[in-house]
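Asks: Starting off with a structure, shown below.
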Amino acid sequence: METELPFLTAHEIQARRKAGSLTSEALVTALLERVQLLNPTLNCFLGVDAEHALEQARASDERLRNQQTLGVLDGIPVALKNNMAIEGQPLTCASRILEHFIPPYSATVVDKLRAAGAIVWGRLNMDEFAMGSSNETSYFGPARNPWDSTRSPGGSSGGSAAAVAAGMSPLTLGSDTGGSIRQPASFCGVYGLKPTYGRVSRYGLVAFASSLDQIGPFARSVDDLAVLLSLISGVDPKDSSSFPTDVPDYSAALKEADSYCPCIGVPKEYFDYPMDDAVLQPIRDAIDFYQRKGCEIREISLPNSSLAVPTYYILATAEASSNLARFDGIRYTHRSESAQDVMEVYFKSRGEGFGEEVKRRIILGTFALSSGYHDAYYLKAQQVRTLIRNDFNSAFEGVDLVLTPTAPTPAFRLSEQCTDPLTMYLNDIFTIPANLAGLPALSVPCGFTPENLPVAFQLIAPHFEESRLLLAAKRFESNHDIHATHPRLG
Ligand code: GLN
């Protein structure tokens, strides 16, 4: 069956353009119409730069006609989570406090995309300041899951995942501090990859927790994911935490996927967690698949993983309380109109500008860092973080990859979990360890529950071994047709 236009992958789009059966302008026009049709329900996009997108599309079509050299994503639309700066466009972080902030510069990922001919065309919904797992903390209301619009697309990069799943953008970028790329990718049935800490420049990404944040790609195919990852990776003089190491050509590496046979570690602690069979079965089937293909499956132990969530919530909130101190009502945007003196400007602007979850985190983090408690909480959490990292180092002495579920549940109903922060925090139980250890990890769609909700497994690799993730995912993808199934919409 022929793939419908909105669900074409970037590779298929390029092939059709080169064959003369599709133009970038026609594609962008169709996607703009689709956003107009679906966004009132799905609320993935906070804004679209239609005129600029069409202009860029025509310029790319012109380059193709004139047989000029094309960039790797020439004429392909890519939308961004709204915590990455695009010069001249609102950078809200889905927060009232930044509602009217227009950055005077662009993130490095934006410059790289544009240099490769990509069309950076839209800003995507997210949890406020990337704090959340359901998109419900957004000041602009939640994005919704294209498979069932009464459900959450996951978070915090919910808009990025939902836009790809709904055929509104072939590619998007998100950010992942504790699972915010992988969990929504799992809920929406698309690929989402968190690169190694330091692999991708964060210049122009609004910081949440600086020792954990990473930008990463969403796509509907492994090939597309590989292209986008190669493009955004690499050291950047503007980001001292980006790592000076070569970026492999991930797409070229994928040619070996059919014969890739890694030794896969399955951590028993992750499968002891109480989970519904509807989620576990497709993941067990994926493990069987690799085994049938001749990969060795080995049970391993990551004994400190159960400490990851509390550790994360000390470290992430501590870093957030410090990073968010810059939003003070003086610089950037929202300033309270009722403030009578300078102290009130700070208190009221922050009080009015931040949502409840963000305030909760600032208070938690400030407490964890306060004198008298610093050693008991922050220092202790740093020590546990080292234990978690050591667990992975030992595991990778014996296996090439680790395979786990991405999330303990499929997409839950909106407002089902947001009244209880602790339940919400447990959503990231399987994703957080990779952030604490700085490891690359990928969510691979692998099936559906009986209610037709996507399920995914997560692959985790040693530092800078993203190729292994992509190779194993590609091997799975080529032998399954899950990726050809799309939500029925509009
Ligand atoms: N859900 C986690 C949190 O709320 C992770 C967020 C993220 O990765 N940005 O902190």
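The values are calculated or read from the model by the stated rules, or taken from the named source; none is laboratory data. Remember, it's a predicted structure, so these values are computed and weren't measured experimentally. As a convention, Cβ positions derive from the backbone with ideal geometry for all residues, glycine included, and neighbour counts pool all protein chains shown. SASA here: full protein model, heavy atoms, side chains in, ligands and nucleic acids out. Shrake-Rupley method; radii C 1.70, N 1.55, O 1.52, S 1.80 Å.
Yes/no matrix, rows are residues, columns are (1) open to solvent by 10 Å² or more (accessible area, probe 1.4 Å); (2) touching a Cys at 6+ places or on another chain (Cβ under 7 Å); (3) outside any loop (DSSP other than H, G, I, E, B):
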{"position": "Asp74", "(1), (2), (3)": "no, no, no"}
{"position": "Val78", "(1), (2), (3)": "no, no, yes"}
{"position": "Leu91", "(1), (2), (3)": "no, no, no"}
{"position": "Ala94", "(1), (2), (3)": "no, no, no"}
{"position": "Ile97", "(1), (2), (3)": "no, no, yes"}
{"position": "His100", "(1), (2), (3)": "yes, no, no"}
{"position": "Pro103", "(1), (2), (3)": "no, no, no"}
{"position": "Val109", "(1), (2), (3)": "no, no, yes"}
{"position": "Leu113", "(1), (2), (3)": "no, no, yes"}
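Asks: Next up: Could you list all residues from segment 349-365 that are open to solvent by 70 Å² or more (accessible area, probe 1.4 Å) and more than 16 Å from the ligand (Cβ to nearest atom)?
Replies: Selection gives nothing.
Asks: Is it the case that some residue within segment 329-346 is within 16 Å of the ligand (Cβ to nearest atom) and either touching a residue at least 60 places away in the same chain (Cβ under 8 Å) or open to solvent by 60 Å² or more (accessible area, probe 1.4 Å) (or both)?
Replies: Looking for residues that are within 16 Å of the ligand (Cβ to nearest atom) and either touching a residue at least 60 places away in the same chain (Cβ under 8 Å) or open to solvent by 60 Å² or more (accessible area, probe 1.4 Å) (or both), one finds none in segment 329-346, hence no.
Asks: For segment 458-468, state whether one or more residues are under 19 Å from Tyr197 (Cα atoms), among the acidic types (Asp, Glu), within 16 Å of the chain's Cα centre (by Cα) and within 16 Å of the ligand (Cβ to nearest atom).
Replies: no
Asks: Consider Ser321 carefully, then state whether it is away from the ligand (no atom under 16 Å from the Cβ) and either touching a Pro at 6+ places or on another chain (Cβ under 7 Å) or not charged (D, E, K, R) (or both).
Replies: Judged against the criteria, Ser321 is not a match.
Asks: Related question: Pairs please, first residue from segment 1-25 and among the basic types (Lys, Arg), second anywhere and not in a helix (DSSP H, G or I), Cβ atoms under 8 Å, 6+ apart in sequence or on different chains.
Replies: What qualifies is Arg16/Leu8; Arg16/Leu22; Arg17/Thr23; Arg17/Gly75.
Asks: Another one. Is there any pair linking a residue in segment 249-262 that is open to solvent by less than 90 Å² (accessible area, probe 1.4 Å) and modelled with pLDDT under 95 to one that is assigned to a helix (DSSP H, G or I) and among the polar types (S, T, N, Q), with Cβ under 6 Å and at least six apart or on different chains, and which?
Replies: These pairs meet every condition: Ala253/Ser467.
Asks: Something else: Here are some conditions: (1) aliphatic (A, V, I, L, M); (2) open to solvent by 50 Å² or more (accessible area, probe 1.4 Å); (3) touching a residue at least 12 places away in the same chain (Cβ under 8 Å). Leu401 meets all but one. Which one does it not meet?
Replies: Among (1) aliphatic (A, V, I, L, M); (2) open to solvent by 50 Å² or more (accessible area, probe 1.4 Å); (3) touching a residue at least 12 places away in the same chain (Cβ under 8 Å), the lone unmet condition for Leu401 is (2).
Asks: Checking Gly154 against (1) in a helix (DSSP H, G or I); (2) closer than 18 Å to Asn427 by Cβ; (3) of a type outside the set (Ser, Thr, Tyr), only one condition comes out false. Which one?
Replies: (1)
Asks: Can we say Thr449 is under 25 Å from Gly294 (Cβ atoms), polar (S, T, N, Q) and away from the ligand (no atom under 16 Å from the Cβ)?
Replies: No.
Asks: Tally the residues that are of a type in the set (Phe, Trp, Tyr) and open to solvent by 10 Å² or more (accessible area, probe 1.4 Å), restricting the search to segment 181-230.
Replies: Count: 2.
Asks: Examine segment 231-248 for a residue that is open to solvent by 10 Å² or more (accessible area, probe 1.4 Å), acidic (Asp, Glu), at negative phi and part of a loop (DSSP other than H, G, I, E, B), and state whether such a residue exists.
Replies: The answer is yes, given that some residue of segment 231-248 is open to solvent by 10 Å² or more (accessible area, probe 1.4 Å), acidic (Asp, Glu), at negative phi and part of a loop (DSSP other than H, G, I, E, B).
Asks: If you scan segment 53-72, which residues turn out to be open to solvent by 20 Å² or more (accessible area, probe 1.4 Å) and not in a loop (DSSP other than H, G, I, E, B)?
Replies: Listed by number, the residues that qualify are Leu54, Glu55, Gln56, Arg58, Ala59, Glu62, Arg63, Leu64, Arg65.
Asks: Among the residues of segment 287-300, are any under 23 Å from the mean Cα position of the chain (by Cα) and either open to solvent by less than 80 Å² (accessible area, probe 1.4 Å) or farther than 19 Å from Ile460 by Cα (or both)?
Replies: No, segment 287-300 contains no residue that is under 23 Å from the mean Cα position of the chain (by Cα) and either open to solvent by less than 80 Å² (accessible area, probe 1.4 Å) or farther than 19 Å from Ile460 by Cα (or both).
Asks: Let me ask another. Among (1) without any contact (Cβ under 8 Å) to a residue 40 or more places away in the chain; (2) touching a helix residue (DSSP H, G or I) at 6+ places or on another chain (Cβ under 7 Å), there is one condition Asp111 misses while meeting the rest; what is its number?
Replies: With respect to (1) without any contact (Cβ under 8 Å) to a residue 40 or more places away in the chain; (2) touching a helix residue (DSSP H, G or I) at 6+ places or on another chain (Cβ under 7 Å), Asp111 is out only on (2).
Asks: Looking at (1) closer than 30 Å to Thr3 by Cβ; (2) away from the ligand (no atom under 16 Å from the Cβ); (3) in a strand (DSSP E or B), which is the one condition that is false for Phe218?
Replies: Of the numbered conditions (1) closer than 30 Å to Thr3 by Cβ; (2) away from the ligand (no atom under 16 Å from the Cβ); (3) in a strand (DSSP E or B), the odd one out for Phe218 is (2).
Asks: Regarding segment 265-286, can at least one residue be identified that is away from the ligand (no atom under 16 Å from the Cβ), within 25 Å of Asp223 (Cβ to Cβ), open to solvent by 80 Å² or more (accessible area, probe 1.4 Å) and among the acidic types (Asp, Glu)?
Replies: no
Asks: Within segment 139-171, restricting attention to residues that are among the hydroxyl-bearing types (Ser, Thr, Tyr) and open to solvent by 10 Å² or more (accessible area, probe 1.4 Å), which residue is nearest to the ligand (Cβ to nearest atom)?
Replies: Filtering segment 139-171 for residues that are among the hydroxyl-bearing types (Ser, Thr, Tyr) and open to solvent by 10 Å² or more (accessible area, probe 1.4 Å), the one nearest to the ligand (Cβ to nearest atom) comes out as Tyr139.
Quick grid of which residues meet (1) open to solvent by less than 60 Å² (accessible area, probe 1.4 Å); (2) part of a loop (DSSP other than H, G, I, E, B); (3) of a type in the set (A, V, I, L, M):
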residue	(1), (2), (3)
Ile388	yes, no, yes
Phe392	yes, no, no
Phe396	yes, no, no
Thr409	yes, yes, no
Glu416	no, yes, no
Asn427	yes, no, no
Ala434	yes, no, yes
Leu439	yes, yes, yes
Leu459	yes, no, yes
